[in-house]
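Okay, so here's the structure we're looking at.
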Amino acid sequence: MGEVAHVASTLRSIFPKVDEVSAPATLEGGDVLQVGSLLYVGLSQRTNLAGIDQLSAFAARRGIKVEVVRLREMLHLKTGVSALPDGSLLLAGELVDHAAFAGLPPSRRIIVPDAEAYAANCVSIRGRVLLPAGFPATRRLVAERGWPVEEVDLSEFRKVDGGASCLSLRF
């Protein structure tokens, strides 16, 4: 059984309704970031407009809005943005000045230093932030907001462009 079929089977055992995108749609999990009742969805090499359109229809039925984020440089949306438990966003690289995030108040925008851009891909779970180890400025930015930080050694995953969100399945 392939990855998609295995995950779909598992999700169907938990949830009564599971929506699936169909070809020609493509939708990569690393391009979808939920912040409350809003989904930021990256238009990337692995997520196309057909995928975003189908996801938008699924989300609308649940009262969730979709904001499209066109990516020029990053492989995935979550390469450069993650949400903290309060909905504040860690932003790096091309996403710092991206129009999709321009309307956020400064208090909800945390700019990751360029030298620590990899740390923008972190995971918030149960009021804690799992952050790649070795990024002291970003750790300080998150901790100053009052969130406990757990550093995780992701050095081997980084070698193949993997990040914290790549290693998590949350629902």
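Checking the condition part of a strand (DSSP E or B), open to solvent by less than 60 Å² (accessible area, probe 1.4 Å) and closer than 16 Å to L169 by Cα, which residue from L33, L11 passes? Walk me through it before giving the result.
On the way: L11 fails: part of a strand (DSSP E or B).
Unique residue meeting the criteria: L33.
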Would you confirm whether any residue within the stretch 48-56 is of a type in the set (D, E) and either closer than 29 Å to G146 by Cβ or without any contact (Cβ under 8 Å) to a residue 24 or more places away in the chain (or both)? no
Does V66 fit the bill of being in contact with a Leu (Cβ under 6 Å, 6 or more places away or on another chain), within 18 Å of R145 (Cβ to Cβ) and either modelled with pLDDT under 95 or β-branched (V, I, T) (or both)? no
Tally of residues being in contact with a helix residue (DSSP H, G or I) (Cβ under 7 Å, 6 or more places away or on another chain), closer than 30 Å to I14 by Cβ and either open to solvent by 60 Å² or more (accessible area, probe 1.4 Å) or assigned to a helix (DSSP H, G or I) (or both) across the stretch 131-171: 4
Got at least one residue in the stretch 43-51 being farther than 23 Å from T138 by Cβ, among the hydrophobic types (A, V, I, L, M, F, W, C) and open to solvent by 60 Å² or more (accessible area, probe 1.4 Å)? yes
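Report whether or not L75 is of a type in the set (A, V, I, L, M), modelled with pLDDT of 95 or more and surrounded by 15 or more Cβ atoms within 10 Å (Cβ to Cβ). Steps first, please.
Details: of a type in the set (A, V, I, L, M): yes; modelled with pLDDT of 95 or more: no; surrounded by 15 or more Cβ atoms within 10 Å (Cβ to Cβ): yes.
Against the criterion (of a type in the set (A, V, I, L, M), modelled with pLDDT of 95 or more and surrounded by 15 or more Cβ atoms within 10 Å (Cβ to Cβ)), L75 does not qualify.
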Among G87, G51, G63, which is the only one that is of a type in the set (G, A, S), assigned to a loop (DSSP other than H, G, I, E, B) and closer than 20 Å to S165 by Cβ? G87
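The values are calculated or read from the model by the stated rules, or taken from the named source; none is laboratory data. What you see is a predicted model; the values in this text were computed from it and never measured. Methodologically, a virtual Cβ is constructed for each residue, glycine included, from the backbone with ideal geometry; neighbour enumeration extends over all protein chains shown. These accessible areas exclude ligands, DNA and RNA; they are computed on the full protein's heavy atoms, side chains included. Shrake-Rupley method; radii C 1.70, N 1.55, O 1.52, S 1.80 Å.
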